[in-house]
Amino acid sequence: MYSNKHIIKISTPILLSLLAQNIIQVIDTAFLGRVGEVELGASALGGVIYIALFTLGFGFSMGSQILIGRRNGEGNFGKIGDIVIQGALFLLIPAILLVPLLRYGAVKWLPDMLQSENVANAAAEYLKWRIFGIVFAFVNAMFRAFYIGIARTKVLTANAVVMALVNVVFDYGLIFGNLGMPRMGIGGAALASVIAEVSSTLFFLIYTTKTVDLEKYGFKKIRFQWRVVKKVLDISIFMMAQYLFSIVTWMLFFVFIENYMGERPLAVTNIVRSFYTIFTIPSHALGSATSTMVSNTMGAGKRDEVFNLIKRVALISLMVMLCVIVAVSVFPRAMIHIYTGDPLLISNTVKPLYVLISSLPIYSVGSVLFSAVSGTGNTRTALKFEIFTLILYLSYMWFVIVYMRFSVAVAWTTEHVYWALLTTLSFIYLRSGKWRDRQI
């Protein structure tokens, strides 16, 4: 049985890894807030489009992580390396295909999707460079799945530091033309992110070859094996679809804001989204750890302990999130000032930020419960929950933004609707015990 201390021990490095992965977009936002509102809004749209594509690899890696966790719990270590290697080889195919597709296609379809020509051009410039990072991001996702799946997560801390430092240095240099680098503006932010992803891949390769028992985990055979990929796809295909549907609706949120509210509300939304990314990292990390711990516990034949484990992790997640909410509520304007020095933009962001943090308690519990559903191996059920929730989420989004033309603050109540529904569905399923006999 996992103790609370063990839960925190596993979750903390994952938290730092997620922080590194998301800090790229956060740092870009902070720097671009000093460039202009158009660049600030465009980086949000470009970033969400990039993440929509990244979710394909991320969903596959999450399915791999569940399978790795199960094999680790069974003590069947020799099959873990195959999962990692085959996953990385498989993901290289769509990654390589996506680079020319988005690099040359974005400039053609973004102007049709957005009202502002300035925002469309800036977003296209961002994606033109950012898409190169998808190749390395997919490989990094498989390395993270490996280390989280075997509950050896300390390495993720060092990797997080490397990524963050590299990104800050190159953002500072390439956006503004400092340190002898060319001044590239929003394109420089994107290129800095790519360089950070490359540094992460190099770190993982060196660390793994130097510290991991390659023989024990079956890393000796590097050849494509479709049967291994198919086994992972049986679990991950539903997660890939789930993450893709989720992020596409998230992208529509930004498109609706830009189309029906304008450039300034889009800039406000990007600042709030950046806070959302940071604030939810602790619960996201605990959710990721929950998926692995549930899979390991079931693999070890201790299924009776699973529901109690989930309840304890959810409680920890809620307590951490309440601390975050208190901290933000005290100094909202000072925190917003990190992203912009414009007094009016700061004032416009305060109310949407308060609306956002009021949804975080629901998120903190819901993210753990929903991750636990996937951790049982029943990713098909998780996909069904996601689709049902997203249909209602989209309907509500359309009503408040497009039909009623409410403010940005009201638009952010969509998060309350989404997480309330997903939390309820996940709790009912886990409480029912229908997952107990699931074999993968």
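The values are calculated or read from the model by the stated rules, or taken from the named source; none is laboratory data. What you are looking at is a predicted structure, and each value in this text was computed from that prediction instead of being measured. Note that each Cβ is placed from the backbone with ideal geometry, even for glycine, and that neighbours are counted across all protein chains shown. To get the accessible areas, we keep the full protein, side chains included, count just its heavy atoms, and leave off ligands, DNA and RNA. Shrake-Rupley method; radii C 1.70, N 1.55, O 1.52, S 1.80 Å.
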Q: Please identify the longest segment of the chain free of exposed trypsin sites (Lys or Arg not before Pro), where exposed means a DSSP state other than H, G, I, E or B and no more than 14 other Cβ atoms within 10 Å.
A: 35-182
Q) Using the heavy atoms of the protein chains alone and a 1.4 angstrom probe, what is the accessible area of the stretch 181-241 per residue in square angstrom? A) 52
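How high is the relative contact order of the stretch 267-424, given as a whole-number percent (alpha carbon pairs under 8 Å, six or more residues apart)?
Values: 161 pairs, mean separation 50.8, N = 158.
Normalised by residue count, the contact order of the stretch 267-424 is 32 percent.
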(Q) Pairwise over distinct Cα atoms, reciprocal of the mean inverse distance: report the Kirkwood radius of the chain in Å, one decimal place. (A) 22.0
Q. Is the stretch 217-257 rounded, prolate or oblate when judged by the Cα gyration tensor, a ≥ b ≥ c being the square roots of its eigenvalues, rounded requiring a/c under 1.5 and prolate requiring a/b larger than b/c?
A. prolate
Q.
What three numbers, in Å, describe the spread of the alpha carbons of the stretch 336-440 along their principal axes, ordered from the longest?
A. 57, 32, 19
Q: Leaving out ligands and nucleic acids, note down the accessible area per residue over the stretch 70-143 with a 1.4 angstrom probe, in whole Å².
A: 42
(Q) As a test of the formula, what do you get for the chain when each DSSP H run with n ≥ 4 contributes -39,500 (n - 2.57) and the sum is divided by the residue count, at 222 nm and rounded to the nearest 500 deg cm²/dmol? (A) -28500 deg cm²/dmol
(Q) Need one word for the stretch 1-86: rounded, prolate or oblate. Basis is the Cα gyration tensor (sqrt eigenvalues a ≥ b ≥ c); a/c below 1.5 gives rounded, then a/b vs b/c decides. (A) oblate
Q. When only DSSP loop residues count, what GluC sites (Glu not before Pro) in the stretch 169-264 have their Cβ near at most 16 other Cβ atoms within 10 Å?
A. E215
Q.
For a quick check, take a GNM of the chain with Cα springs below 10 Å and name the residue from L392, L360, L309 with the largest mean-square fluctuation.
A. L392
Q: Return the sequence-ordered ³J(HN,Hα) values of the stretch 305-315 in whole Hz as given by the Karplus equation 6.51 cos²θ - 1.76 cosθ + 1.60 applied to θ = phi - 60°, using x for Gly and Pro.
A: 8, 5, 5, 5, 4, 4, 4, 5, 5, 4, 5
**Q.** Average Cα contact separation per residue, the chain, under 8 Å, 6 or more apart, as relative contact order %
**A.** 24
Q. Each residue of the stretch 356-371 in order: what ³J(HN,Hα) in whole Hz does its phi give by Karplus 6.51 cos²θ - 1.76 cosθ + 1.60, θ = phi - 60°, with x for Gly and Pro?
A. 4, 5, 6, 8, 5, x, 5, 4, 4, 7, x, 5, 5, 5, 5, 5
Q) So for V324, V107, what's the accessible-area order with a 1.4 Å probe, most first? A) V107, V324
Q. From the Cα gyration tensor of the stretch 220-337, with a ≥ b ≥ c the square roots of its eigenvalues, which class applies: rounded if a/c is under 1.5, or else prolate if a/b is larger than b/c, or else oblate?
A. oblate
Q. Which value, in debye to the nearest 20, gives the size of the charge dipole of the chain about its Cα centre, when Lys and Arg are +1 and Asp and Glu are -1 at the Cβ?
A. 1520
Q) Comparing V139, V194, V162, which has the greatest mean-square fluctuation in the GNM of the chain with Cα pairs linked when under 10 Å apart? A) V162
Q | Rounded Å value of the spacing that divides the Cα centres of the stretch 46-103 and the stretch 321-355 | A | 35
Q.
Using a Cα-Cα cut-off of under 25 Å, which lysines could be cross-linked to K311, ignoring same-chain neighbours fewer than 8 residues away?
A. K5, K9, K154, K302, K384, K434
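Using a 1.4 angstrom probe on heavy atoms only, work out the carbon and sulfur share of the accessible area of the stretch 294-440 in %.
68
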**Q.** Loop sites in the stretch 175-243: chymotrypsin sites (Phe, Trp or Tyr not before Pro), DSSP, at most 15 other Cβ within 10 Å
**A.** F224
Q | Note, ³J(HN,Hα) from phi for the stretch 231-238, Karplus 6.51, -1.76, 1.60, rounded to Hz, x at Gly and Pro | A | 4, 5, 4, 4, 8, 7, 4, 6
Q: Would you mind calculating the relative contact order of the stretch 317-378 from Cα pairs under 8 angstrom and at least 6 residues apart, reporting the percent as a whole number?
A: 45
